[in-house]
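FYI, it's all coordinate maths here, none of it is from the lab. Only a predicted model underlies this, so the values are computations on that prediction, with no experimental measurement involved. Please note: Cβ atoms are built from the backbone with ideal geometry, for glycine as well, and neighbour counts cover all protein chains shown.
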Amino acid sequence: MRLEAIDIYWGVKGIDRTGESQWDPLFIGAPIFDNAFDVTTVEAQKWFIELCDELNKQSFVTYDTVKCWMKDFEKYVEDDLEERFPVRSKKDFMRYINKWIDDEDAYLGAYYSKTKFFGISDNEIIFTKINAKSTLGKGSSSGEEKEVEYKKWQDYIINAEGSAPKTMKNFR
């Protein structure tokens, strides 16, 4: 059974649909980025990893399906670079993450970058996401079941947002 994939995003406040046309199915709008977003702070790094761990324990998440790039980045920083994590400065964080992306032996950095688990522009991370699999199967659940599961996800996100550092408050 294929499971429903759920993405939780940070760094994007909304979509600017100016110029949208019903006759252009490829135009979905342009992202409106959240200028307050910053996953590179020590607090954000710790919280992001804690969120991944907590998400994996939820009854509405299929166990061990949470894809959390920050956990793999932590392992790379500590094991391959032999540096401390969380990374203390934004400059070092970006230097390490760019090295991780370019490191052929550490393929996960390139994988997460190419599959849009985070986006980098002007040497800053402008958005990020976590991916997990719902316990619902694709196409096998009724609308009522999906609504109940959706409410669980929404409640979890609202609760998690309350404990988020100020640079990680706005997520969808």
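Listed values for region 91-107 are Karplus-derived 3J(HN,Hα) couplings in whole Hz (6.51 cos²θ - 1.76 cosθ + 1.60, θ = phi - 60°), namely 4, 5, 4, 5, 5, 5, 5, 5, 5, 4, 4, 8, 6, 5, 6, 9, 4, and x replaces Gly and Pro.
For Lys13, the residues whose modelled amide H falls within less than 5 Å of its own, excluding neighbours fewer than 5 places apart on the same chain, are Ile32, Phe33, Asp34. Considering only Thr18, Thr115, Thr128, the mean-square fluctuation computed in a Gaussian network model of the chain, springs between alpha carbons under 10 angstrom, is largest for Thr18. If you run the Gaussian network model on the chain, springs between alpha carbon atoms under 10 Å, then out of Leu26, Leu55, Leu81 the most flexible one is Leu26.
Note on Asn35 and Tyr9: the model spin-label points, each 7 Å out from Cα along the C-beta direction, lie 2.0 nm apart.
Give the calculated FRET efficiency between Asp80 and Gln22 to the nearest 0.05, with a Förster radius of 41 Å applied to their Cβ-Cβ distance.
On the way: r = 49 Å, r/R0 = 1.20.
E between Asp80 and Gln22, to the nearest 0.05, is 0.25.
The simple Förster model, with R0 at 25 Å and r as the Cβ-Cβ distance, assigns Val148 and Lys57 a FRET efficiency of 0.85.
The trypsin sites (Lys or Arg not before Pro) of region 42-75 that meet both conditions, a loop assignment by DSSP and at most 15 other Cβ atoms within 10 Å of the site Cβ, are Lys57. The helix-based estimate of mean residue ellipticity at 222 nm for the chain, built from -39,500 (n - 2.57) per DSSP H run of four or more residues and divided by its residue count, is -11500 deg cm²/dmol to the nearest 500. Comparing Arg95, Arg84, Arg17 in a Gaussian network model of the chain, where Cα atoms under 10 Å apart are tied by springs, the biggest mean-square fluctuation is seen for Arg17. Across the chain, Cα pairs under 8 Å and at least six residues apart give a relative contact order of 37 percent. Extending 7 Å from Cα along the Cβ direction at Lys99 and again at Ser121 yields two label points whose distance is 2.7 nm.
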